[in-house]
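Please read the structure below before turning to the comments.
The values are calculated or read from the model by the stated rules, or taken from the named source; none is laboratory data. Note that the coordinates shown come from a computational prediction; the quantities given were computed from them, not determined experimentally. Cβ: placed from backbone, ideal geometry, glycine included. Neighbour counts: every protein chain shown.
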């Protein structure tokens, strides 16, 4: 298992207005994906696939469970981005 903190930044439309969305979230990679994830460059920009779940059964906090990821091959300013 590998844990990390991800930073997300994107521009979203809401009620016809453009809005900057930015947040950090705890993340976890388990199993086969954890080996690849542990080798990912710190500060790199990636596209992640996964799901949100409670940190534990009694917690209200969320953790993003990474099931796959790729190096982002686009301009950060033009698309959603998430950084380790």
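Among the residues of the range 11-36, write down those that are under 28 Å from residue 56 (Cβ atoms) and either touching a residue at least 60 places away in the same chain (Cβ under 8 Å) or more than 12 Å from the chain's Cα centre (by Cα) (or both).
21, 30, 31, 32, 33, 34, 35, 36
Would a scan of the range 51-61 turn up a residue that is surrounded by 11 or more Cβ atoms within 10 Å (Cβ to Cβ), over 15 Å from the mean Cα position of the chain (by Cα) and in contact (Cβ under 8 Å) with a residue 24 or more places away in the chain?
The answer is yes, given that some residue of the range 51-61 is surrounded by 11 or more Cβ atoms within 10 Å (Cβ to Cβ), over 15 Å from the mean Cα position of the chain (by Cα) and in contact (Cβ under 8 Å) with a residue 24 or more places away in the chain.
Out of the residues in the range 14-58 meeting the condition of being out of contact with any strand residue (DSSP E or B) (no Cβ under 7 Å at 6 or more places or on another chain), over 19 Å from residue 72 (Cα atoms) and outside any loop (DSSP other than H, G, I, E, B), tell me which one is modelled with the highest pLDDT.
Across the range 14-58, the extreme among qualifying residues is 17.
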